[in-house]
Every structure is written in C-alpha cells, then in structure tokens.
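In what follows, a single structure is set out as structure tokens and then discussed.
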Ligand SMILES: *[C@@H]1O[C@H](CO)[C@@H](O)[C@H](O)[C@H]1NC(C)=O
Ligand SMILES: *[C@@H]1O[C@H](CO)[C@@H](O)[C@H](O)[C@H]1NC(C)=O
C-alpha cells in the first residue's frame with residue numbers, strides 16, 4: 001500500500017543522514033544503506049537501481065527497517081518505484097525525513113500516494129505521505145503531490161523551511177487529506193502553489209510562529225486554518241501568521257481560526273491580506289466553540305490581533321463573516337477593505353459577531369459587521 005514514488009529527485013544535503021523510514025517507532029532499526037547496494041552518489045550516475053535494491057530489502061524486512069541515504073552526496077534517481085506492500089509494520093508516514101539540516105528536495109515530477117484504497121477505511125490510521133521532522137533550513141520546490149492516504153505533507157519541530165511551487169491535489173471527498181500540516185515550527189514559507197484536497201489546504205497547529213502562506217490557490221478543501229487549538233484542555237500557541245495574496249476557490253472556509261473550549265494559550269498576530277474568494281462557504285470565520293463543548297466554559301485559547309485586509313469575491317453561504325468568540329472574548333479584531341458579494345445574484349448574505357472587540361477600518365465593510 002505504500003504506493004509509488006515516480007519522480008526525478010535531486011537530493012542535496014549536508015548533515016547526518018537522510019533516513020527514509022518505513023515507520024517511526026523508536027528503537028533499533030535494521031538499516032539498508034543505498035551505498036551498500038551500488039549507489040555512487042556522485043551527481044552523475046543513475047542511482048535508481050541501488051535505491052530500488054535497498055528498498056526491496058527494507059520492504060521485505062519484518063518489523064522495523066530503515067533505508068539510509070548517506071550525507072554529502074548527490075543522488076540522481078528517476079522512475080523510482082518504491083512499491084509496497086511491505087512486511088514492515090505500517091505506521092504514520094510513508095516517507096519520513098528527520099534530523100536533516102539544509103536538505104534540498106528539488107523536483108520536477110509527481111509523488112502519488114495512491115490513497116484511494118485507504119479512504120474507504122475510516123478506522124485505519126491513514127499514513128501521511130511525506131513528513132519532515134526536525135529539519136532546519138529545508139527547501140522543497142517544484143514537486144507535485146497527489147492522493148495521499150492522510151495528510152500530504154507534515155512539518156514539525158523545524159525552523160526555516162521554504163516550499164515553493166509545491167502543488168498538491170486530492171479529490172474534494174477524500175477524508176483528512178490536508179495539504180500541509182504544520183506544528184511546533186517557525187519561519188516556514190509556502191509560496192506560489194496550488195493546493196486542492198479533501199481537507200485543509202494548510203492547517204497551522206500549536207507551537208508555530210512566523211508561518212507565511214503567499215500567492216497560493218486553495219480549493220477544493222477546507223481553507224487555511226489556524227487550529228484547532230486547545231483540544232483536550234491543551235495549552236497551545238500560534239503567532240505571526242501571514243496569509244497574503246491567496247485565492248480560495250469553492251472551499252468550505254477561507255480564513256479560519258478555530259479553538260476548542262477549555263483550552264489555553266493564544267492565537268495572535270494573524271494576518272490575512274489580499275484574499276480572493278470564489279464561492280467560499282465561510283470566507284471569514286473565527287470559531288471558538290469548535291469540537292466538543294465543556295459543561296462550563298472555564299477557559300479558552302485567547303484570540304487577539306487578527307487583521308483581515310482586502311477580501312474580495314463571493315460567498316456561497318448566507319454567512320459571509322462569522323465571528324463567534326468565547327465568553328472570554330477576542331480582542332483587536334480588525335476588518336479593513338472587505339467586499340464580499342453572494343455567489344448567487346440576488347441572495348442576501350450577512351454576518352454574525354459575538355464577543356469580539358476591535359474595529360473596522362477604512363471604507364465600508366460589505367456585508368457590515370455589527371459588533372466591531
Ligand atoms: C512573511 O511575511 C511578512 C509580512 O509580509 C514578512 O515580513 C516576512 O519577511 C515574511 N517571511 C518570509 C519567510 O517570507
Ligand atoms: C500581493 O499583491 C500585491 C498586488 O498585486 C503586490 O503589490 C504585493 O507585492 C503582493 N504581495 C506578496 C507578498 O506577494
């Protein structure tokens with residue numbers, strides 16, 4: 001079920017090792033090094049056969065196994081089919097890259113997760129297609145990812161990453177196929193990419209700061225989401241998020257912040273700027289009552305300093321702006337240059353606004369928002 005990796009990849013890196021792990025269970029691994037299987041790593045020779053041979057050994061291993069791609073070399077691979085099913089325990093990621101600094105994944109090509117067989121199995125833990133864990137100074141560019149069983153790309157514990165021209169596509173009804181899932185990371189830029197999946201284009205989770213999403217086209221999918229934060233009474237923080245010059249096309253949400261009752265921490269300095277909307281169900285939404293309700297709402301993740309500037313386009317629902325803050329309130333919510341029309345001419349659209357303090361700036365906000 002691993003699916004297929006068909007692409008031309010140039011891997012250049014300068015740190016300990018690039019380990020493609022079949023699973024992420026901690027402990028000892030049997031490992032197979034591509035160099036022991038005939039790879040040259042000189043940037044000229046075709047190393048595809050060596051990768052395949054090492055992969056077949058990894059795949060035939062019962063239990064845990066690691067494919068080791070050593071440092072300070074450049075491997076040329078093409079038409080690399082890393083096929084399953086494998087004997088190893090299947091968990092969490094198809095490809096996991098961890099503790100690698102200054103990795104460049106330079107594409108051309110498609111990574112296809114062949115996830116459709118998983119999507120009908122709601123109970124099974126569907127793997128992420130590609131996860132980066134503790135990779136600093138990462139650059140991923142010019143690659144297409146499609147049909148992941150679960151989320152397509154996850155980033156956690158990483159500082160300084162750029163994803164440029166990384167297109168992601170999965171059907172609108174494929175479950176939990178987030179484009180990007182980011183947690184515990186900072187200085188991450190995703191730019192000039194198209195993302196259309198069955199879940200969030202980008203989910204920005206706790207422990208993040210300075211995440212930029214620039215010049216993206218998002219849709220179909222659930223939009224760009226901060227959260228959900230504060231699940232299971234957790235303490236989570238998100239700050240300095242810039243979503244700029246992005247389009248949302250037919251998504252269920254555009255700019256979304258969602259927190260769960262009973263959590264703590266904050267989501268602050270969140271900037272959504274120059275946003276185009278085409279038939280979006282919830283163009284602007286702050287939902288502080290996401291997921292399970294507490295018997296008594298005794299704490300909340302604090303939402304403050306959110307700015308929505310330059311939204312134009314259409315709403316597919318009659319609620320274009322839905323600001324639903326906890327009883328503790330949101331503060332400094334700014335709306336500036338918002339002009340949203342109904343996607344069906346003649347329909348009325350409106351807004352709701354609860355427990356929010358802030359302001360509307362500049363020209364008229366359409367549709368108008370009462371509580372700011
Ligand atoms: C993110 O956007 C902000 C505001 O435009 C900018 O100051 C910052 O340099 C950007 N960061 C990256 C990594 O592009
Ligand atoms: C966003 O678009 C505006 C207008 O086209 C442009 O001036 C600005 O530089 C763009 N910003 C980014 C971060 O791409």
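The values are calculated or read from the model by the stated rules, or taken from the named source; none is laboratory data. The structure presented is a predicted model; accordingly, all values stated were derived computationally and were not measured. No Cβ is skipped: glycine too gets one built from the backbone with ideal geometry, and neighbour counts run over all protein chains shown.
Here are some notes:
- Residue check for residue 276: in contact with a strand residue (DSSP E or B) (Cβ under 9 Å, 6 or more places away or on another chain), over 20 Å from residue 326 (Cα atoms) and away from ligand 1 (no atom under 16 Å from the Cβ): yes
- Exactly one residue among 267, 255, 213 is away from ligand 2 (no atom under 16 Å from the Cβ) and surrounded by 24 or more Cβ atoms within 10 Å (Cβ to Cβ), and that residue is 267.
- Among the residues of the range 216-245, those that are within 15 Å of the chain's Cα centre (by Cα) and within 16 Å of ligand 2 (Cβ to nearest atom) comprise 216, 217, 218, 224, 241, 242, 243.
- Residue in the range 233-252 that is nearest to residue 327 (Cα to Cα), counting only those that are more than 15 Å from ligand 1 (Cβ to nearest atom) and surrounded by fewer than 19 Cβ atoms within 10 Å (Cβ to Cβ): 233
- Verdict on residue 258 being within 16 Å of ligand 1 (Cβ to nearest atom), free of Cβ contacts under 8 Å to residues at least 60 places away in the same chain and either assigned to a strand (DSSP E or B) or in contact with a helix residue (DSSP H, G or I) (Cβ under 6 Å, 6 or more places away or on another chain) (or both): no
- Any chance residue 54 is more than 21 Å from residue 156 (Cα to Cα), in a loop (DSSP other than H, G, I, E, B) and modelled with pLDDT of 90 or more: no
- Figure legend. Inter-residue proximity from the range 42-65: first residues under 17 Å from residue 30 (Cα atoms), second residues in a helix (DSSP H, G or I), beta-carbon distance below 7 Å, spacing 6+ or different chains. Indicated pairs: 51/34; 53/37; 54/34; 54/37; 65/58.
- If the condition is being touching a residue at least 12 places away in the same chain (Cβ under 8 Å), under 19 Å from residue 259 (Cα atoms), more than 23 Å from the chain's Cα centre (by Cα) and not in a strand (DSSP E or B), then the range 293-322 contributes 293, 294, 297, 298, 299, 300.
- Hits in the range 325-354 - residues which are in a loop (DSSP other than H, G, I, E, B) and surrounded by fewer than 18 Cβ atoms within 10 Å (Cβ to Cβ): 327, 328, 329, 344, 345, 346, 347, 348
- Boolean, residue 275 is surrounded by fewer than 24 Cβ atoms within 10 Å (Cβ to Cβ) and either within 16 Å of ligand 2 (Cβ to nearest atom) or modelled with pLDDT of 95 or more (or both): no
- Within the option set 144, 129, being touching a strand residue (DSSP E or B) at 6+ places or on another chain (Cβ under 6 Å), buried (at least 24 other Cβ atoms within 10 Å of the Cβ) and in a strand (DSSP E or B) holds for one residue only, 129.
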